[in-house]
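Everything below concerns the one structure shown next.
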Amino acid sequence: MQWLDPGFTYSDDHHQHFLDMGYASFDRFLTPEALAFAQSAIDRMMQQRHPDIPLEAMISAHHHEQWIWDLATQKPLLDMIEKQCGHHIVLWASHLICKPPHSGVHVPWHQDAPYWNVRGRMPGAIWIAFDDIDQDNGGMCLLPGWHRKGTLARQTDQPGLFNEAIDPAALPTDVDQQKIQYCFPAGSMATHDTMIPHTSEPNASNRWRRVLVLRYTAADAELGEKNYRDYRTGDPMPRQFFLVRGQMPNGRTLPTSPFEKSLSQ
Ligand SMILES: O=C(O)CCC(=O)C(=O)O
């Protein structure tokens, strides 16, 4: 199957926009065939999901879902990531965040990088929409240019999966005027800097909102441990790192695929 629209390119202009504003977006990303395939795969996964796993917490299913792995390792996507963080690239998480009609999680304002136990040169998160997304069905908002403000004060006592929130006093007083709202057709993609403040509301519409976020880092980053849960069983599932392009530094090795028996490169 052809995953990516042949028209998808990450141009120098896109890259400059990403550097200046902290994000870039692409209406032409998935082919119609890939979009239909992914939509039905996500629907199947939601059916198979263990009842303890919330719809916003199907994390790192690429360990066993070949389609997520295939999508995450498409050459034009890795070319884009290479432009952001260099040739040696590690995939360390995927995250399906689904919001059913008239429901779904509120994601508080947060910055990604301070959240994770991974430190180093980080390319933008890859945010892929499998439904038409707008302000009514829980689309993401972000603060353009705010990726350059450093780590903002945060509260770490929030309930649920997204348990950290930027202290409201650290956000601009006119946050609603400064924020931009992701409004994209199904099959589009956006990339956001891992330091940019972003948020999303619950889904107030009668439509679904299904999104996959892919997270990578440069291979010389500090790769810290974390426990996720297998969405099918609810069992603990340690974070795994996969080298998807280039080489590891200092003779280290990492698996290059979850689906190959040989785990050395
Ligand atoms: O998709 C969303 O609503 C939030 C995504 C998010 O917080 C992230 O990608 O870090």
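The values are calculated or read from the model by the stated rules, or taken from the named source; none is laboratory data. All values reported here derive from a predicted model rather than from experimental measurement. Neighbour counts are summed over all protein chains in view; Cβ atoms, including those assigned to glycine, are modelled from backbone coordinates with ideal geometry.
Scan the stretch 114-125 for residues that are among the hydrophobic types (A, V, I, L, M, F, W, C) and within 10 Å of the ligand (Cβ to nearest atom) and the total you get is 2. When residues in the stretch 59-110 are screened for being surrounded by fewer than 17 Cβ atoms within 10 Å (Cβ to Cβ), polar (S, T, N, Q) and within 16 Å of the ligand (Cβ to nearest atom), 1 of them pass. Of all positions in the stretch 38-52, at least one carries a residue that is surrounded by fewer than 17 Cβ atoms within 10 Å (Cβ to Cβ), of a type in the set (D, E, K, R), more than 14 Å from the ligand (Cβ to nearest atom) and in contact (Cβ under 8 Å) with a residue 60 or more places away in the chain.
Could you grab me the full set of residues in the stretch 119-139 that are within 25 Å of residue 218 (Cα to Cα) and buried (at least 18 other Cβ atoms within 10 Å of the Cβ)? 122, 123, 124, 125, 126, 127, 128, 129, listed by residue number. Selection of the stretch 223-240 for residues being in a loop (DSSP other than H, G, I, E, B) and within 26 Å of residue 43 (Cα to Cα) yields 230, 231, 232, 233, 234, 235, 239, 240. When the stretch 185-198 is limited to residues that are out of contact with any His (no Cβ under 7 Å at 6 or more places or on another chain) and β-branched (Val, Ile, Thr), the one that is farthest from the ligand (Cβ to nearest atom) turns out to be 191. Selection of the stretch 160-184 for residues being out of contact with any Leu (no Cβ under 8 Å at 6 or more places or on another chain), closer than 30 Å to residue 206 by Cβ and within 16 Å of the ligand (Cβ to nearest atom) yields 160, 161, 162, 163, 165, 181, 183, 184.
Might you let me know whether the stretch 193-210 holds any residue that is surrounded by 14 or more Cβ atoms within 10 Å (Cβ to Cβ), closer than 22 Å to residue 63 by Cα and touching a residue at least 24 places away in the same chain (Cβ under 8 Å)? Yes, the conditions are met somewhere in the stretch 193-210.
Candidates in the stretch 193-224 are the residues that are under 18 Å from the mean Cα position of the chain (by Cα) and acidic (Asp, Glu); of these, the one that is farthest from residue 111 (Cα to Cα) is 201. Of all the listed residues (243, 214), the sole one being crowded, with 19+ Cβ neighbours inside 10 Å, within 14 Å of the ligand (Cβ to nearest atom) and either outside any loop (DSSP other than H, G, I, E, B) or not polar (S, T, N, Q) (or both) is 214. Annotation: of all residues in the stretch 213-228 being in contact with a strand residue (DSSP E or B) (Cβ under 6 Å, 6 or more places away or on another chain) and modelled with pLDDT of 95 or more, the one that is nearest to residue 131 (Cα to Cα) is 213. Residue 220 meets the conditions (1) within 13 Å of the ligand (Cβ to nearest atom); (2) assigned to a loop (DSSP other than H, G, I, E, B) in every case but one. The failed one is (1).
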